[in-house]
């Protein structure tokens, strides 16, 4: 994208087309006396982004950029999440969090080419996204100054709607939702309004990607996912680009109600927040990938990798994508994926996904060792010596430190009584 420098002061705004960033254009111009350029980054959200980019110009932006980053988002960010089995606090596949460093990167690049002094976002002062954007800006171009209208303004959604009406700001054709939502290829997040009461069941109208139980199919559906080097490459025998495969699985798994997440999560800023997500493909693919790793990786590798996965998820959630530790974790994870190649069969039924078949030429599972039928090659007599050796630490005080058998027997008896 060829971009000429702008003559004069300008702020480059991460623009979604929603309420917050729509009113932010006018507010930045009023409060900072600078022009505003907007950047819409396509990471697979299901909406008319061209309309949003055009509307930014109608609302006073001097430049409006629409950047197609779906493939980059899939092949870099989603791919790393799959290989790392990324689930923040064991539940959230990091859909929104993964997109923020990519959006920040595009924003910083355009700001640099325009010669802008400022970058801006529409995040609140109590959320995680402000941290993710601003840590990325610090890593990519620390000279850029940040404008955060919603944080500085401290207005609520009702105030913003009134502000927009008073100034003739064009909003989406649909009425502003009482919920705050975010969407990309990897998932959809919903928060705010009555969802803030943790005792209230999420209303059905918050969901768009996943079917209600009344519409779940009465028969199970099976899907097969083929992996190469830790990444899914085909669905039901059909080779696909990762972006296409993720989108297709969102539809298939969502039809069965898979991927709804109601999570009371711990934000980086120190508060707990009730978050609702729809992540059908993310839930299924991480589940399938983890199962395949269980087939081909050693016990020690799986145990250590789980520690790395937890740290990876924490760094993504907290906004440290562009950090030396993240780079090192990604390097380690890449080294574990060479043999994560094979096929996973998953059963979808009544809101659940279940791995029900695994195949890989690198499998460490050997039927001849685990079977209780004929063909068993495991020497069961060897287990007696194995148990003797591993049991020495727990038996040592009773059997090795006292000289007489009477004393040994009394010590053993006391241990038995204490255990009981």
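Nothing in this text is a laboratory measurement; each read-out follows from the coordinates by a stated rule. As the structure is a computational prediction, the values presented were derived from the model and not from experiment. Please note: Cβ atoms are built from the backbone with ideal geometry, for glycine as well, and neighbour counts cover all protein chains shown.
What's the angle, to the nearest 10 degrees (0 to 90), between helix 405-419's Cα axis and the longest principal axis of the chain?
Helix 405-419 sits at roughly 40 degrees to that axis.
Please work out the FRET efficiency for the pair residue 214 and residue 30, using the Cβ-Cβ distance as r and a Förster radius of 60 Å; give the result to the nearest 0.05.
Values: r = 49 Å, r/R0 = 0.81.
So the FRET efficiency works out to roughly 0.80.
For the chain, what relative contact order do you get, as a whole percent, if you take Cα pairs closer than 8 Å and at least 6 residues apart? Write down the numbers at each step before the final one.
Values: 707 pairs, mean separation 70.5, N = 420.
Taking the mean separation of contacting Cα pairs over the length of the chain, I get 17 percent.
Need one word for region 255-326: rounded, prolate or oblate. Basis is the Cα gyration tensor (sqrt eigenvalues a ≥ b ≥ c); a/c below 1.5 gives rounded, then a/b vs b/c decides.
Verdict is oblate for region 255-326.
Helix-only mean residue ellipticity at 222 nm, the chain, DSSP H runs n ≥ 4 weighted -39,500 (n - 2.57), per residue, nearest 500. What is it?
Dividing the helical sum by the residues of the chain leaves -13000 deg cm²/dmol.
Does region 183-367 come out rounded, prolate or oblate by the C-alpha gyration tensor, with a ≥ b ≥ c the root eigenvalues, rounded set by a/c under 1.5 and, if not, prolate when a/b is larger than b/c and oblate if not?
Values: a/c = 2.06, a/b = 1.18, b/c = 1.74.
Oblate, because a/c is 1.5 or more while a/b does not exceed b/c.
Quick one: angle between helix 129-140 and the longest Cα principal axis of the chain, in degrees between 0 and 90, rounded to 10, please.
For 129-140 against the chain, the angle is about 90 degrees.
Rounded to the nearest 10 degrees, what's the angle between the helix 95-114 long axis and the longest principal axis of the chain, both from Cα atoms, 0 to 90?
40
Averaged over every viewing direction, what's the projected area of the C-alpha convex hull for the chain? Give it in nm², one decimal, please. Could the numbers behind the result be given before it?
Working: hull surface 113.9 nm².
With the hull built on Cα positions only, its mean projection is 28.5 nm².
What is the Cα centroid distance between region 46-125 and region 204-282, reported in whole angstrom?
21
Please tell me the relative contact order of region 341-397 in percent, rounded to the nearest whole number, where contacts are Cα pairs under 8 Å and at least six residues apart. Show your work: numbers first, answer last.
Working: 39 pairs, mean separation 11.8, N = 57.
Answer for region 341-397 is 21 percent.
Can you tell me the relative contact order of region 24-112? Whole percent, Cα pairs under 8 Å, sequence separation 6 or more.
On the way: 81 pairs, mean separation 22.9, N = 89.
So the answer I get is 26 percent.
Which of rounded, prolate, oblate describes region 283-391, given a ≥ b ≥ c as roots of the alpha-carbon gyration tensor eigenvalues and a/c under 1.5 marking rounded, otherwise prolate only if a/b is larger than b/c?
On the way: a/c = 2.51, a/b = 1.51, b/c = 1.66.
Oblate, since a/c reaches 1.5 and b/c is not below a/b.
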